[in-house]
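The values are calculated or read from the model by the stated rules, or taken from the named source; none is laboratory data. Bear in mind the structure is a predicted one, so any value in this text is a computation, not a measurement. Virtual Cβ from ideal backbone geometry, glycine too; neighbours counted across all protein chains shown. Keep in mind that these areas ignore ligands, DNA and RNA; they rest on the heavy atoms of the full protein, side chains included. Shrake-Rupley method; radii C 1.70, N 1.55, O 1.52, S 1.80 Å.
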Amino acid sequence: TSRQNMLDVVQFNSLGTQMKRFLILMLMWAPCAGAVEPVFLSDTETELKDTVSAPAGLIQFVLRGEDSDDNRSVHECMQQEKLKKGEEAALFTVSRVSLKDDQSPGYFVRPALKPFCSAFYGAHLFRYWFVTTAMEKGRLVYRMAFKDGGDGVGVLPTSTNGYKDLLLFSYDAVSQYWVTLAFDGREYKEKDCERKDFQEDGSLKSVPCQP
């Protein structure tokens with residue numbers, strides 16, 4: 001079945017606890033929300049598979065888009081890890097992920113688990129960046145397609161306006177949330193949302209997402 005295929009596609013036993021929970025809940029959600037299997041997944045506790053070395057300038061591009069407090073925290077992490085200026089990439093992991101239908105090069109960037117830098121981690125969440133590329137005047141330039149933070153993120157095989165749809169996952173002590181994002185021609189916007197609340201008997205009940 002399609003739900004079993006999701007487990008076959010991902011090496012389930014190698015995933016972090018939260019991502020296992022993410023996939024199990026997606027299996028429960030799929031029949032009622034018409035979900036499709038992500039082609040790429042990342043969660044707080046699991047290192048990326050099929051990583052690549054960060055291309056020149058990629059991590060610096062990401063950090064330029066963050067505030068001074070984040071960059072100060074990164075600098076402190078570099079001091080702790082005895083890293084030199086220009087070696088910021090050691091604190092991140094990168095995977096090739098093309099969000100654009102034309103399959104132009106793109107990257108998913110997230111903080112590494114080893115070495116661990118708290119600058120881009122929170123309470124059971126991590127921050128991440130989807131970066132696309134383009135040629136301008138004969139040189140490669142980076143563009144930020146989407147950045148956020150949460151418990152898990154997936155890239156769906158479906159597309160809107162030339163960009164892959166995204167699936168965001170988060171949870172708290174009361175609820176689980178799945179949000180589908182679609183590209184509106186300028187940026188990613190919420191397309192659909194699914195929320196399930198924990199019940200006293202341990203089951204989950206679908207309820208409307210809050211605005």
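Summary of computed values
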item: Selection status of V179, closer than 23 Å to F40 by Cβ and touching a Cys at 6+ places or on another chain (Cβ under 7 Å); result: yes
item: Selected residue (criterion: least open to solvent (accessible area, probe 1.4 Å)) from residues of the stretch 59-107 that are under 21 Å from Y121 (Cα atoms) and hydroxyl-bearing (S, T, Y); result: S95
item: All strands (runs of 3 or more DSSP E) inside the stretch 39-116 with 1 or more residues being touching a Pro at 6+ places or on another chain (Cβ under 7 Å) and of a type outside the set (V, I, T); result: 92-96
item: Residue in the stretch 45-58 that is farthest from the chain's Cα centre (by Cα), counting only those that are small (G, A, S) and open to solvent by less than 40 Å² (accessible area, probe 1.4 Å); result: G57
item: Every residue from the stretch 171-186 that is at pLDDT below 85 and part of a strand (DSSP E or B); result: Y171, S175, Q176
item: Residue match in the stretch 133-156 (condition: touching a Cys at 6+ places or on another chain (Cβ under 6 Å) and at pLDDT 90 or above); result: no
item: Matching residues, the stretch 117-170, being at negative phi, part of a loop (DSSP other than H, G, I, E, B) and open to solvent by 30 Å² or more (accessible area, probe 1.4 Å); result: A123
